[in-house]
Structures are given as structure tokens and as C-alpha cells.
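To start, the structure under review is shown below, and the notes come after it.
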Amino acid sequence: MENEQDLLSVGEAAKRLQRSTEQVRRYLREGRLSGRRIGGQWFIDRPVLDSFMTAARKQQGFVNRLRRASAIRPLDDVIGIGRGSGTNIAEGKAAYWAAATRRR
């Protein structure tokens, strides 16, 4: 029989992952984290949680290497916002609608 200390409750897993218990349950429901139900409660094998944590750290490392969107600014030149003082998106919307109604 499996050692009970190798099974973690949702609360214990949440503490180790630094997530809420609801987030851990969501991982379980979505199949992102493997677990089993015993008596209506979820339990996670310790080695499974350890590998999940390792994979999450690798993914977070990738996210940390991404440049901030404000540094990239891919859409500023395309849609013409963010330059100059007092850019008013509402005026752009009104101009768009006026141009669209003229085309009809």
C-alpha cells in the first residue's frame, strides 16, 4: 500500500504551490495536475506535485525572459495611439464611425 505521507491534500498542495485551494482544484479539474479522489476529496502524489512545480518554474522562467509589451509597442504605429500629448481614443472612434457612414 502507498505511504500516506506521499499523498498531499489540496490545502497542502496549495501552500507548496503558493496558490489558492480553488486554483489547485482548477488544475485538477482541467487535467493540468494529476490527482485522485478519495472519499470525495482530492489528493495529489508528492512526486507528481514536485514535477508540476518544476514544469511551472521552467514556464515562469520563459515568461520572465519575455520583453514587456510597453517596450515592444507593436501596435502604436499601426493604430496611431500613444504618441504625442493628449491622445483621445474617443475622437478616433468618432472619426471611424463618421468615415464608415460616409462610405455607405
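The values are calculated or read from the model by the stated rules, or taken from the named source; none is laboratory data. These numbers come from a predicted model, not from an experiment. FYI the Cβ positions are ideal-geometry reconstructions off the backbone, even for glycines, and counts take in every protein chain you see.
When you scan segment 37-59, do you find a residue that is modelled with pLDDT under 75 and either under 20 Å from K15 (Cβ atoms) or in a helix (DSSP H, G or I) (or both), even just one? Break it down into steps so the answer makes sense when it comes.
First pass over segment 37-59, keeping only residues modelled with pLDDT under 75: 59.
Retained after the next criterion (residues that are either under 20 Å from K15 (Cβ atoms) or in a helix (DSSP H, G or I) (or both)): 59.
Within segment 37-59, one or more residues are modelled with pLDDT under 75 and either under 20 Å from K15 (Cβ atoms) or in a helix (DSSP H, G or I) (or both).
Name the pairs: first residue in segment 23-43 and touching a residue at least 12 places away in the same chain (Cβ under 8 Å) and within 15 Å of D6 (Cα to Cα), second residue outside any helix (DSSP H, G or I) and among the small types (G, A, S), Cβ to Cβ under 7 Å, at least 6 apart or on different chains?
Close Cβ pairs (under 7 Å, with a partner that is outside any helix (DSSP H, G or I) and among the small types (G, A, S)) amount to W42/G35; F43/S9; F43/G35.
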